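The values are calculated or read from the model by the stated rules, or taken from the named source; none is laboratory data. Note that this is a predicted model, so its numbers are computed, not measured. Positions of Cβ are generated from backbone atoms using ideal geometry, with glycine treated the same way; all protein chains shown enter the neighbour counts. Protein only, heavy atoms only, side chains kept; ligands, DNA and RNA dropped before computing areas. Shrake-Rupley method; radii C 1.70, N 1.55, O 1.52, S 1.80 Å.
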Amino acid sequence: HWEIAGLVSRQKMPVFPNGFPPEIVAALERETGRRVLCNKPYSGTEVLKVFGREQSETGALIVYTSADSVMQIAAHIDSVPLDELYSVCEKARKIMTGKYSVGRVIARPFKGDEPDYIRTSDRKDFSLQPHGEVLTDVVKAAGLQCVGVGKIGDIFCGRGLTESIHTVSNGDGMEKTCDLARRDIKGLIFVNLVDFDMLYGHRRDVDGYARALTEFDAWLPGFVKKLGPEDLLLITADHGCDPAYAATTDHTREYVPLVVLGPKVKPRNLGTRTSFADIAATVAELLQVGLDTPGKSFAREVLS
């Protein structure tokens, strides 16, 4: 997401394939007053099957990671109230600094009874602050509107957003994006539809992913009709998450699509881009805002 917004990280964020080191676990337990369970890379649904009962009975925290630079903290809403789980994650964010600066600390509340635990829609990401200027910063600084839909506000720590809209599902995100299209927005609307990744990609649910794509495809024509004569719609993804890949439940490495739509767009092949930052460079050029980014704009290639 940072690169989509024009910022390319100069170094990799840390990952923890063997779990978090003892000093981190000790700090978490000291600062939160709760014991840590798991401390391994895990599927977010499988971890509830293994540790959910112990967590809900003891109030300990399920702390796990993945192939990404993340710390995820799960707790049953009846054993750790939502506000406390968010507070736990804020404390974890302060602990995960320096060489432990993971990209995100993620609150993963769940509910229900064993064996039918389900994660709620109250996930919240506590992200690392972008280390440089991003597209949202310059859009807002230019006096334009910059609206984040879904987890965009979390990913950018609210930076540059004039409005941040929470969503609970793809359908909710699409509906709220339609609501925004009815308003006179001058600037950028940045939308994340997380179900493709969270509910279907990571869970390797091919049928669910297909249904989600079908729902998006059915929604899209109506939304396109709402575009004004100067509007541009860019559809892409921040990474792959192939639901048919069985080796792991982590993100996958295929190229992602980039589709550009709008009344003035001329059909053509944009080729394989060298960076997600090309999107930010394009948006910055179209909105006439200055952005220092290695991305290369394709605005002139797509507009007639």
Quiz item: So for the pair residue 220, residue 296, with labels modelled 7 Å out along Cα→Cβ, what separation do we get in nm?
Solution: 2.6
Quiz item: Between residue 239 and residue 210, what is the spin-label point distance in nm, taking each point 7 Å from the Cα along the Cα→C-beta axis?
Solution: 2.6
Quiz item: Percentage of Cα-Cα pair distances in region 1-41 greater than 16 Å, rounded to whole percent?
Solution: 54
Exercise. Only Lys, Arg, Asp and Glu count, each charged at its Cβ (+1, +1, -1, -1), so figure out the dipole size of region 45-170 about its Cα centre, rounded to 20 debye.
Key: 420
Quiz item: In terms of Cα to Cα distance under 12 Å, which aspartates and glutamates are near enough to residue 91, apart from those fewer than 8 places away along the same chain?
Solution: 29, 31
Quiz prompt | Percent carbon-and-sulfur accessible area, the chain, ignoring ligands, DNA and RNA, probe 1.4 Å | solution = 51
Quiz item: Does region 166-278 come out rounded, prolate or oblate by the C-alpha gyration tensor, with a ≥ b ≥ c the root eigenvalues, rounded set by a/c under 1.5 and, if not, prolate when a/b is larger than b/c and oblate if not?
Solution: oblate
Quiz item: How big is the charge dipole of the chain about its Cα centre, in debye rounded to the nearest 20, if each Lys and Arg gets +1 on its Cβ and each Asp and Glu gets -1 on its Cβ?
Solution: 640
Self-check item: Hits among lysines - C-alpha to C-alpha of residue 226 under 23 Å, sequence gap 8 or more where chains match
Solution: 176, 186, 264, 266
Quiz item: If amide H atoms are built 1.01 Å from N in the plane of the peptide, which residues on other chains or at least 5 residues away come under 5 Å of the amide H of residue 106?
Solution: 71, 72, 73, 126
Quiz prompt | Computed over the chain, Kirkwood Rh from alpha-carbon pairs, angstrom | solution = 20.6
Practice problem: Kindly sort 101, 9 by accessible area of their heavy atoms, largest first, with the probe set to 1.4 Å. | Solution: 9, 101
Practice problem: Report, by chain and number, residues whose modeled amide H sits under 5 Å from the one on residue 168, excluding near sequence neighbours (fewer than 5 apart, same chain). | Solution: 173
Exercise. At a Cα cut-off below 18 Å, give the lysines reachable from residue 94, other chains included and same-chain residues fewer than 8 away excluded.
Key: 124
Quiz item: Around residue 240, which amide H atoms from residues at least 5 apart in sequence, or from another chain, sit under 5 Å from its own amide H, with H modelled in the peptide plane?
Solution: 252, 254
Quiz item: So what's the projected area for region 1-88, the Cα convex hull averaged over all directions, in nm²?
Solution: 6.9
Practice problem: Quick one: work out the % antiparallel among DSSP beta bridges in the chain, nearest 5. | Solution: 45
Quiz prompt | Solvent-accessible heavy-atom area per residue, rounded to whole Å², over the chain at 1.4 Å | solution = 51
Practice problem: Lys and Arg at +1, Asp and Glu at -1: add these up for the other residues within a Cβ distance under 11 Å of residue 111 and post the number. | Solution: -3
Exercise. Among DSSP beta bridges whose residues both lie in region 1-129, state the antiparallel percentage, nearest 5.
Key: 45
Quiz item: Once you list every other residue whose beta carbon is under 9 Å from the beta carbon of residue 170, what net charge do they have if Lys and Arg are +1 and Asp and Glu are -1?
Solution: -3
